[in-house]
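Enquirer: Mind having a look at this structure? Questions to follow.
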């Protein structure tokens, strides 16, 4: 996110407090992945919990959520959140548009979640959500 985009969104409730907190954490520095690599094999990863990568582009081009089918859990990261400091909404939602590289792709990625058999969502922002993820996506997409 560019400084100009941040300034353009200062009108949002909670924006000043949020900007202050991320500056203290050092989040305003630019971080890059210069040589991204694909996951080594399709399907579950060979690590504790055996999470299954779920591509969810939109927030960033390579955004990935993780599905733990044996537990009915999806770690959605920033692809589906339940709150944010500059959003007045609570419950399953997309981050405000300024946070996405491609808002249309972020919205389209929600359909990927609807196909998963999960009743617990662990988002990157906001509280955990209990309830079937397909229902949350259906409510969000209207």
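Where a number appears in this text, it was derived from the coordinates with a stated rule and is not lab data. If you're wondering where the values come from, they're calculated on a predicted model, not measured in any experiment. Here Cβ is always computed from backbone atoms with ideal geometry, including for glycine, and neighbour counts include all displayed protein chains.
Enquirer: Sort out for me the Cα centre separation of the stretch 60-76 from the stretch 89-142, rounded to whole Å.
Expert: 11 Å
Enquirer: Test of understanding: ordering 120, 76, 41 by Cβ neighbours within 10 Å, fewest first, what list do you get?
Expert: Numbers: 120 16, 76 30, 41 8.
Sorted ascending by nearby Cβ count, the order is 41, 120, 76.
Enquirer: By counting other Cβ atoms within 10 Å of each Cβ, how are 81, 33, 52 ranked from fewest to most? Walk me through the numbers on the way to the answer.
Expert: On the way: 81 25, 33 8, 52 18.
Ranking 81, 33, 52 by Cβ neighbours within 10 Å, fewest first, gives 33, 52, 81.
Enquirer: Which number comes out as Rg/Rh for the stretch 44-141 once both Rg and the Kirkwood Rh are worked out on C-alpha atoms?
Expert: Working: Rg = 12.4 Å, Rh = 13.2 Å.
Taking Rh as the inverse mean 1/r over Cα pairs, Rg/Rh reads 0.94.
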